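Have a look at the structure below, then the notes.
Bear in mind that the values in this text are calculations on the coordinates, not laboratory data. What you are looking at is a predicted structure, and each value in this text was computed from that prediction instead of being measured. Ideal geometry is used to build each Cβ from the backbone, glycine not excepted, and the neighbour counts take in all protein chains shown.
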Amino acid sequence: MTRKTDHEPKAATPNPSGSGEIAEDVRAETAADAPELAEHDTLELGRLAELEAEIAVARQDALYARAETENVRRRGERDLSDAHAYAATKFARDILTVADNLTRGLAAIPAELRDDDRVKSVIAGLEATGREIDTVFERHNITRIKTVGERLDPNKHQAMVEIPSTDAEPGTIVQEMQSGYMIKERLLRPALVGVAKAG
């Protein structure tokens with residue numbers, strides 16, 4: 001006749017309340033008889049929690065990396081677009097000096113010379129050149145900044161002098177000393193102006 005030992009699992013007592021409670025009772029009885037199994041389960045649960053935490057961190061890192069990659073891509077696209085849009089900025093700024101000199105040269109021609117048949121064709125050629133420069137500027141979205149009669153805008157105008165005036169409100173531009181230009185939405189060169197002050 002075989003004798004039962006203390007280490008043999010006890011028979012589960014039937015529980016009329018349901019199979020879930022029966023399983024809990026069996027687990028509890030097993031844990032009581034074999035504490036090393038309960039300790040093993042606790043370790044496994046702890047390791048599982050650690051893995052779940054690591055997965056959550058990895059998932060968050062992946063989301064951050066994806067967002068950063070998207071930001072870099074958009075920034076690259078914007079920089080490329082700006083490079084195309086404003087590639088001619090330095091060249092255009094240099095051409096402005098040429099246009100200024102041409103305008104000053106035409107303005108310096110005395111009125112009596114304009115009626116002289118010997119120079120009429122030269123003057124006409126210079127004026128045609130000036131119109132062609134304006135056409136080229138327009139083609140490349142380079143526009144002249146409005147000045148006289150406008151309110152001073154520090155983003156577009158640079159006030160050089162205040163001029164006493166009884167006709168214009170203080171801060172209104174009454175004189176243009178040098179034309180200013182925009183290239184698309186970016187300032188190419190500010191307009192140098194004189195603004196009214198209370199007379």
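Dipole check for segment 62-199: with +1 at the C-beta of Lys and Arg, -1 at the C-beta of Asp and Glu, and the Cα centre as origin, the magnitude is about 580 Debye. With R₀ set to 35 Å, the beta-carbon distance separating ARG73 from ALA49 gives a calculated FRET efficiency near 0.45. Using the Cα coordinates of segment 144-199, the gyration tensor eigenvalues translate into equivalent-ellipsoid semi-axes of 22, 9, 8 Å, sorted from longest to shortest.
Ranking VAL136, GLY105, ALA88 by Cα position along the charge dipole of segment 87-140, where only Lys, Arg, Asp and Glu carry charges on their C-beta atoms, puts ALA88 farthest toward the positive end. My understanding is that a pair violates if its Cα-Cα distance is over 29 Å; which of LYS120/LYS146; LYS146/LYS197; LYS156/LYS197 do that in this structure? The answer is LYS120/LYS146. Ordering ILE145, ILE183, VAL161 by the projection of their Cα atoms onto the charge dipole of segment 144-199, which places +1 on the Cβ of Lys and Arg and -1 on the Cβ of Asp and Glu, puts ILE183 at the extreme positive end. Magnitude of the charge dipole for segment 87-140, about its Cα centre and with charges confined to Cβ atoms of Lys, Arg (+1) and Asp, Glu (-1), is about 240 debye. By the count of neighbouring beta-carbon atoms within 10 Å, fewest first, VAL193, VAL174 end up ordered VAL174, VAL193.
Qualifying trypsin sites (Lys or Arg not before Pro) in segment 98-185, where qualification requires a DSSP coil assignment and no more than 16 other C-beta atoms within 10 Å, comprise LYS146, LYS184. With each label modelled as a point 7 angstrom along the Cα→C-beta vector, the THR97-LEU126 pair spans 2.0 nm. Between HIS84 and MET160, the distance separating the two model label sites (each 7 Å from Cα on the Cα→Cβ line) works out to 3.8 nm.
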